[in-house]
Amino acid sequence: MENEMHPLATFDVSRPAEQFRITAPCFDAALPADLMAVQGTCATSRPIARSTAQLQHPIDFARCSYLGLNSHPAIVAGAIAAIQAQPSLNSFRAGKQQNCDLLGELEDTLSEIFGARVLAFSSLMIVDLVAMPMLSSGRLTGGRKPVVVLDSFARISLTCQKLMLDDTRTKTIVHNDIGALERLCRKYPVVAYVCDGVYWMGDYSPMDKLRQLQERYGLFLYIDDTHGLSTFGSQGEGFARSQFPQMLGDRTIITGSLANGFGASGGILMLGTADHEALFRLHSIPDACSEAPNVAAIGAALESCRIHRSAELRRRQGQLAQRIDLFDRRVATAGQGNSLPIRMITIGSEVNALAIARGLLDRGFYTLVTFFPTVGHGVAGIRVCITAEHEADDIERLCDNILEQVVERTGKPYPLR
């Protein structure tokens, strides 16, 4: 896959008031138009069952259940069975000892599937709150505090950590600017890079180049692969994990969500050494605050693990690849030809992007409109999540409507020049 540089600018996360001032008109327009969150009950397939008289069943192209596992009967049954087997919703750890056999089973199973030492948490945000202070303290880099470098498009919860870190030792670089990262590696003795494996806008980190920097300079990598888990790898180990050797080693941590492609709930840390595992088990906040996944989430994740070890995973991955190819044959995007399940339709004007997204919803297709600060000024667009659950006809009709709406709202054919 050839990586495409998005025409998006970095932004200063230290000035939230300015961000709110700029984005307020877009949010004010999107909320009443039902473009921020369609209200309704998620059905067992992609349509959303709504309670209002209009648009009873818009086809959902916004949720990130790329393999359609979020409503898989076995995963739902696993959540119910776990609660019935253990009469408590909460699974917690007290005194640094595991207090839930199911949690230990889940972490052992995930460790085998992902080829790493896996710790499970109640959410990905909790993972960040635990890991980022430990990373910046130097505990993971041999006692030497690193300069923490954030990719400007790193998942928002990671980017916001800049507000919590030592600002004198935190840098932000333009998205995927490997040259800038290498210059920082030359300048500072210890550098930790925070990025995504697959970005929510449909591109990815150049893992081969990052590994070269790691080998050359000892670069520490902290990679969120939420959008790569399950869709990549023979056992769904993810985009990032599948590009590392058998062992992650002591300079790589991969995080991810057990929602999205995995179809369950919670967040995980993939670690490469026993020392790092011991550090997190001894010092992580969730151990003290009962923030491990609840029993239902654990039961659901265990059932998803069984699917990840079966032929069904490969079948669903193959079906997803077919759906992505179908979309790419109809609508050209910067991501055309890669195997990621996210496509960005660049519109430009925020007003036009909002109008097109509303027009698509009126015709029965729920997509996400994107604008600053998620993307740069003047490059607003429509985000489409393609899944294995979508019928070919759903995708064909969506593509027809995207092309029609662009012409109707802008007076120009897509792609806009």
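Numbers at a glance
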| quantity | calculated |
| --- | --- |
| Filtered residues of region 247-268 (kept if within 11 Å of Ala116 (Cβ to Cβ) and surrounded by fewer than 24 Cβ atoms within 10 Å (Cβ to Cβ)) | Met247, Leu248, Gly249 |
| Boolean, Thr226 is among the β-branched types (Val, Ile, Thr) and over 30 Å from Arg314 (Cβ atoms) | no |
| Matching residues, region 360-417, being at pLDDT 95 or above, surrounded by fewer than 19 Cβ atoms within 10 Å (Cβ to Cβ) and small (Gly, Ala, Ser) | Ala392 |
| Exclusive hit being at pLDDT below 95 and open to solvent by less than 10 Å² (accessible area, probe 1.4 Å), set Phe220, Phe280, Phe244 | Phe280 |
| Within region 172-190, considering residues that are part of a helix (DSSP H, G or I) and charged (D, E, K, R), the one farthest from Ser205 (Cα to Cα) | Lys187 |
| Residue within region 324-337 that is assigned to a strand (DSSP E or B), touching a Lys or Arg at 6+ places or on another chain (Cβ under 8 Å), buried (at least 21 other Cβ atoms within 10 Å of the Cβ) and not aliphatic (A, V, I, L, M) present | no |
| Some residue of region 227-243 being within 21 Å of Val174 (Cα to Cα) and either touching a residue at least 12 places away in the same chain (Cβ under 8 Å) or charged (D, E, K, R) (or both) | yes |
| Region 201-220 residues that are over 30 Å from Cys385 (Cα atoms) and without any contact (Cβ under 8 Å) to a residue 60 or more places away in the chain, paired with ones that are open to solvent by 10 Å² or more (accessible area, probe 1.4 Å) and not in a helix (DSSP H, G or I) (beta carbon under 8 Å, 6 or more apart) | Gln214/Arg251; Gly218/Val190; Gly218/Arg251; Leu219/Arg251 |
| Flag if Val174 is farther than 17 Å from Gly256 by Cα, open to solvent by less than 10 Å² (accessible area, probe 1.4 Å) and either under 24 Å from the mean Cα position of the chain (by Cα) or at pLDDT 90 or above (or both) | no |
| Residue check for Leu326: more than 29 Å from Ala154 (Cα to Cα) and at pLDDT 95 or above | no |
| Subset of region 359-414 (residues that are more than 22 Å from the chain's Cα centre (by Cα) and in a loop (DSSP other than H, G, I, E, B)) | Arg363, Gly364, His377, Gly378, Glu391, Gly411, Lys412, Pro413, Tyr414 |
| Top-ranked residue of region 125-156 - restricted to ones that are open to solvent by 10 Å² or more (accessible area, probe 1.4 Å) and polar (S, T, N, Q), ranked as modelled with the highest pLDDT | Thr141 |
| Region 66-80 residues that are farther than 17 Å from Thr231 by Cβ, paired with ones that are outside any loop (DSSP other than H, G, I, E, B) (beta carbon under 6 Å, 6 or more apart) | Ala74/Glu303; Gly78/Gly299; Gly78/Ala300; Gly78/Leu302; Gly78/Glu303; Ala79/Ala296; Ala79/Gly299; Ala79/Ala300 |
| Region 69-124: number of residues that are part of a loop (DSSP other than H, G, I, E, B), over 18 Å from Ala274 (Cβ atoms) and modelled with pLDDT under 95 | 12 |
| Sole residue being small (Gly, Ala, Ser), out of contact with any strand residue (DSSP E or B) (no Cβ under 8 Å at 6 or more places or on another chain) and within 30 Å of Gln84 (Cβ to Cβ), chosen from Ala355, Ala321, Ala332, Ala300 | Ala300 |
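The values are calculated or read from the model by the stated rules, or taken from the named source; none is laboratory data. For clarity, every value in this text was computed on a predicted model and none was experimentally measured. Don't worry about glycine lacking a Cβ; one is built from the backbone with ideal geometry, like all the others, and counts go over all protein chains shown. Areas reflect the complete protein model, heavy atoms only, side chains present, ligands, DNA and RNA absent. Shrake-Rupley method; radii C 1.70, N 1.55, O 1.52, S 1.80 Å.
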